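Notes for the one structure printed next.
Every number here is computed from the coordinates shown, using simple stated rules; none is lab data. What you are looking at is a predicted structure, and each value in this text was computed from that prediction instead of being measured. Cβ atoms come from the backbone with ideal geometry, glycine included; neighbour counts cover every protein chain shown.
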Amino acid sequence: MTGGVTAPAVETRNLTRYFGAKVGCAGITLTVPRGGIFALLGCNGAGKSTFVKMLVGLIRPTSGDARVMGLPAGDIDARRRIGFLPENFRYPEWATGSEVLGFHAALAGMAPVRRRGRIAAVLDLVGLREDARRLVGGYSKGMQQRLGIACAILDDPPLVFLDEPTSALDPLGRREMRELLLRLRAEGHTVFLNSHLLSEIEMISDRVAVIRSGRLVADGPLEELLDASLEAEVRVAADDRAALEALAACGRILARDVAEGGLLRVRLALAGRSAVPGVAEAVVRAGGRLFGLQARSRSLEDVFIELVAEGPAAAGGPGEGTG
Amino acid sequence: MRAVAAFTFKEALRRRLVLAAGVLTSAFLALFGFVAHAAVAHAARDPLIGAAGGVAWAMVGVFLARSFSGLLAILVSVGAISGEIESGSLQSVFVRPTRRSSVLFGKFLGYGVMLVCYTAALQGAVLVVAWAATGVSVGRPWEVLGLLCLEPLVLLSLTLFGSTFLPTLANGAAAVLLYGVCVIGGFIEQIGALAGPRALEQVGIVISLVLPADAMYRKAFSVVADQVANPVLRQLLGPMGNVVAPSWAMVVYGVCYIVALTTLAAWVVSRRDV
């Protein structure tokens, strides 16, 4: 075991995977620090699952380098330090929930004495204790997903990869899952999420990365990402050409419409919170009259849609899988 | 490897396929006992046929039973790797700190133990039923059962290997077809040895080298046939019987085939994307 204790949870350099002529992931360089909840976002087929599968050693990269907890991705020692919930999976229907967990505990090399306690603990955590002796074939999709999460955290790994962990859960189950993820973060684990549920990601994530057509288009702390694309709503007189010219110079005009009182409401994309006072200053300096200025962070959904829609799609199409 | 073997063995026992095989096997044994008893009682009027009847019926039973265990070997393991990749359950297994080759060897061990138990019980029961129905007992039964158990293990190694790169359905179809070809190859070899031309015999040998499953059965048959002094009786079953017997070198080849194919399967599964 040579993984440095200070190494990032995940570190990739130009990680690339082609499936024939199609690109799965292309040149992804990303660092995920230890601790906290990291979310990888992207449309279906963007390459999220391909990227995660390379990190957990299920598929080999065409080129580039990936390290997990300071160790080469896929290495047995690296795999001792991770838990993984696949996107699409079905556990054996003939086995009970606790048998599946017992099997995974044995594969993880857990000592028999520790197994029983950990299995009971994770069953409690995911709310499956009462159903542990039932056959998996009789589980609902949500219960199977809970069992998958229990498997992923069974050995208490410092890094947990969860691919769409709440996709089959009802609203109550999602809330419980959020609480579980926050608890894992509080205990010092690193959680690597792949998800389409942007509102949930926005509630719990510390860092976010977005990939489009296999290429990384954004990466950073969630707050910075949202702040970097701040939106200002400005109200000026409809015929105030000087004010409109000043606004256009301050940032990209997203929309304009007529508000109450014959005023023009302009939505302006700004490069950060620090740019807000400059808007007022620019309008006044240009001789315009400012009737209102309100800055607000955009939702993650707004930012995501802008990021994945912007610019031409990268070369090649989506790769294998749906993520 | 032990955890995978134990889990696979449990899976093999719990799946309905094995339950169905158990029920059908019991029905087969009852029917076989009844028919063998009636046929031998009828043939007893002819001293030559009467003496041969016991051995002949025992070998008919063994011939039919070997196709049960052969098909069970294919059906139980047809989706061992590809099916579990399709369902996604192998993803969470391969992420564990266990070598993929250990997972494959564990699966071979789990299925193999189940198949050996099934084949030994089935063929043992056939010999007992044949003895009860005809009064003829087969000598060196452990040697016969050991050779008969090799046949499903050969098929298991083939199906496991196919399962590492073929989809479940294609693997099942390919394995059943190959098994059929190898049984027919055995017939061709016997016909060639009995009536010529010699080229037919050689075709049979080549097929046995590609898939030595039938050769294991033929060798088991020859151990039984060697106990029968009358050469006419030895040819009684025609192409189902044993005009020419595989050598012990072929048995060694069969064992090497199992080891080589399972090792190759482990190599393929270690390198493939999941």
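Its alpha carbons give the range A:81-148 an Rg and a Dmax of 11.4, 31 Å. A simple packing score, the average count of other Cβ atoms within 10 Å per residue, orders the peptides A:119-125, B:219-225 as B:219-225, A:119-125, with the highest score first.
What order do you get for A:287-293, A:55-61 when each peptide is scored by the mean count of other beta carbon atoms within 10 Å, highest first?
A:55-61, A:287-293
Could you list, bin by bin from short to long, the percent of Cα-Cα pairs of the range B:2-271 in 10 Å steps? Values per bin, smallest distances first: 7, 29, 32, 21, 9, 2, 0. For chain B, a Gaussian network of Cα nodes joined below 10 Å ranks B:V243, B:V206, B:V183 by mean-square fluctuation, and the top entry is B:V206. Projected over all directions and averaged, the alpha-carbon convex hull of the protein assembly as shown occupies 35.3 nm². The mean number of partner chain beta-carbon atoms within 10 angstrom of a residue's beta-carbon across peptide A:98-110 is 4.
Counting Cβ atoms of other protein chains within 10 Å of each Cβ in B:94-103 and taking the mean gives 6. Take each residue in A:84-94, count the other chain C-beta atoms within 10 Å of its C-beta, and the mean is 5.
If only the Cβ of Lys and Arg carry +1 and only the Cβ of Asp and Glu carry -1, the dipole of the range A:10-225 around its Cα centre is close to 500 debye.
Across the range A:10-225 the C-alpha pair distances fall into 10 Å bins from zero in the proportions 8, 34, 36, 18, 3 percent.
From its DSSP helices (H runs of at least four residues, each -39,500 (n - 2.57)), chain B gives a residue-normalised ellipticity at 222 nm of -28000 deg cm²/dmol.
Where Rh is the Kirkwood radius over the Cα pairs of the range A:230-297, the temperature 20 °C and the viscosity 1.002 mPa s, what D in µm²/s does Stokes-Einstein return? The diffusion coefficient I find is 187 µm²/s.
Taking every full run of DSSP H in chain B, the ones that stretch at least 27 Å from end to end by Cα along their long axis and average 1.6 or higher on the Kyte-Doolittle scale are B:16-43, B:47-77.
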